[in-house]
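Read-outs: derived from the displayed coordinates by stated rules, not from any lab. Everything quoted here is computed from the prediction, not taken from an experiment. Quick reminder, even Gly has a Cβ in these numbers, built from the backbone with ideal geometry, and neighbours come from all protein chains shown.
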Amino acid sequence: MRPADSDKPPYVARVEKIEADHRNNVKVRVRWYYRPEESIGGRRQFHGAKELFLSDHYDVQSAHTIEGKCTVHTFKNYTKLENVGAEDYFCRFEYKAATGGFTPDRVAVYCKCEMPYNPDDLMVQCEGCKDWFHPSCMGMTIEEAKKLDHFLCSDCSSDVDAKRSLNTFSVSPSVEAKVEPKRRKR
């Protein structure tokens, strides 16, 4: 929907109802989406560039303020898009405009930095533990990460190195060697 200030990006709203008044003026009842920077907490590192929050803020607007149609995908469907177009957005939170509260109030975190997934950032999956990591958190550039055929995080690669070193020493038959698996802290 057209913003009052032409320097701002268009507002995004879900049309809930369309009706004409007695003078045939068409009005739309909308439920507003908020951009992260419009929320009480502001934009955070894990918010995607195309992320919106479905708010509990309803309004009635003139149909003339509608500029066009866009698609607000679920987070899961957005991450599966082959190409993200100018009209594609995603929503993974509902937002209470008066209190700044979110539903859900918690999301899964990944990597050593323990941040929620941002679909704008490349992540690599460890073949050992199956966790996901930002290349920069693992001491790699994005270009280096894109060239990888296989990736082991530092915990899993140190486990592999420990197993290799155990295999290089022969153990006499009278001594029983017991290898304890390393436990991951979560």
| message | Per q in 0.17, 0.19, 0.22 Å⁻¹, report the Debye log10 I(q)/I(0) for the stretch 30-170, using one uniform scatterer on each alpha carbon and no solvent. | response | -1.03, -1.18, -1.39
| request: In whole angstrom, note down how far apart the Cα centers of the stretch 50-107 and the stretch 5-41 are. | output: 12
| note | Rounded to the angstrom and largest first, Cα extents along the principal axes for the stretch 1-106 equal 47, 35, 26
| For peptides 119-126, 102-109, sequence by mean Cβ density within 10 Å, most packed first | 119-126, 102-109
| request: Show the residues, 5+ positions off or on another chain, whose built amide H is closer than 5 Å to the amide H of L81. | output: none
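Of the beta bridges DSSP finds with both residues in the stretch 1-106, what % are antiparallel, to the nearest 5? List each step's numbers first, then the result.
On the way: 18 of 27 bridges.
Percentage antiparallel, nearest 5: 65.
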